[in-house]
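**Q** Below: one structure in structure tokens.
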Amino acid sequence: MDDEEELLPERKYPANQGFVLWLTGLSGSGKSSIARKLEQELKERSCLVEVLDGDVVRTNLSKGLGYSREDRNTNIRRIGFVANLLSRNGVAAIVAAISPYQEARENLRATTENFIEVFVNAPLEVCEARDVKGLYAMARAGEIRAFTGIDDPYEEPTNPDIICYTSEETLEESVAKILAELEQRDCIPPKPQIEFFI
């Protein structure tokens, strides 16, 4: 090696450090879009990633549960259990679930290592305007009962780690905000830089 050459200090990242990134917010706030974009970004950094989407989990892991407070909390505990197992094995577990109750989320924080709560904050009227599944319209018409934000409460996080204002930010801006926090916590390596030599 030439004397002129200098090596940058190699930054060490904890071996097999997984984490649980919990995206909470109203239906239509942008949780799933953020989760999928994050998944793509993290895979580009050679991270092990798994997305647990609330709708998919209800179909497969929590089939048969209703929408009472007790059933919703049971659903969240099940998702949290799976996410924690993944995290303990070095996987970045990204959860996109409405998870409307503060107590359930705080229980997760208390029992999950490397738990990061992201409040995907979009006003109800914005979520209703997006309403790609037509769920809000059905809830307003009385065709769906106990729908979060209409006739069932959504308890906003009191102290989230990150807030994404998806009615004001682009998807890319929200994702960049989360990635910056993950980098700052040393949960993920920085994005690989492509160098060009002439």
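**Q** Please work out if ARG77 is at pLDDT below 95, surrounded by 14 or more Cβ atoms within 10 Å (Cβ to Cβ) and of a type in the set (D, E, K, R).
**A** For ARG77, the condition - at pLDDT below 95, surrounded by 14 or more Cβ atoms within 10 Å (Cβ to Cβ) and of a type in the set (D, E, K, R) - is met.
**Q** Within region 55-165, which helices (runs of 4 or more DSSP H) (wholly inside it) include 1 or more residues that are in contact with a Leu (Cβ under 9 Å, 6 or more places away or on another chain) and among the small types (Gly, Ala, Ser)?
**A** Those helices (runs of 4 or more DSSP H) span 69-88.
**Q** Quick one: in region 125-165, of everything that is β-branched (Val, Ile, Thr) and surrounded by 14 or more Cβ atoms within 10 Å (Cβ to Cβ), which residue is nearest to ALA180 (Cα to Cα)?
**A** This residue is ILE162.
**Q** So which residues in region 172-183 are open to solvent by less than 60 Å² (accessible area, probe 1.4 Å), within 16 Å of SER29 (Cα to Cα) and not small (Gly, Ala, Ser), if there are any at all?
**A** Of everything in region 172-183, those that are open to solvent by less than 60 Å² (accessible area, probe 1.4 Å), within 16 Å of SER29 (Cα to Cα) and not small (Gly, Ala, Ser) turn out to be VAL175, ILE178.
**Q** Please enumerate the residues belonging to region 34-54 that are open to solvent by less than 30 Å² (accessible area, probe 1.4 Å), of a type in the set (Asp, Glu) and outside any helix (DSSP H, G or I).
**A** ASP53, the sole residue that qualifies.
**Q** Could you tell me how many of the residues in region 55-65 are more than 25 Å from ALA122 (Cα to Cα) and either within 13 Å of the chain's Cα centre (by Cα) or open to solvent by less than 60 Å² (accessible area, probe 1.4 Å) (or both)?
**A** 2
One line per residue, one yes/no per condition, for (1) of a type in the set (Gly, Ala, Ser); (2) under 28 Å from CYS47 (Cα atoms); (3) without any contact (Cβ under 8 Å) to a residue 12 or more places away in the chain; (4) touching a strand residue (DSSP E or B) at 6+ places or on another chain (Cβ under 6 Å):
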| site | (1), (2), (3), (4) |
| --- | --- |
| GLY80 | yes, yes, no, no |
| SER87 | yes, yes, no, yes |
| ALA93 | yes, yes, no, yes |
| VAL120 | no, yes, no, yes |
| GLY134 | yes, no, yes, no |
| PHE147 | no, no, no, no |
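**Q** Any residue at all in region 37-59 that's at pLDDT below 95, acidic (Asp, Glu) and touching a strand residue (DSSP E or B) at 6+ places or on another chain (Cβ under 6 Å)?
**A** Looking through region 37-59, at least one residue is at pLDDT below 95, acidic (Asp, Glu) and touching a strand residue (DSSP E or B) at 6+ places or on another chain (Cβ under 6 Å).
The values are calculated or read from the model by the stated rules, or taken from the named source; none is laboratory data. The model shown is predicted, which means the values in this text are computed figures rather than measured ones. All Cβ positions, even for glycine, are placed from backbone atoms using ideal geometry, and neighbour counts span all protein chains on display. Keep in mind that these areas ignore ligands, DNA and RNA; they rest on the heavy atoms of the full protein, side chains included. Shrake-Rupley method; radii C 1.70, N 1.55, O 1.52, S 1.80 Å.
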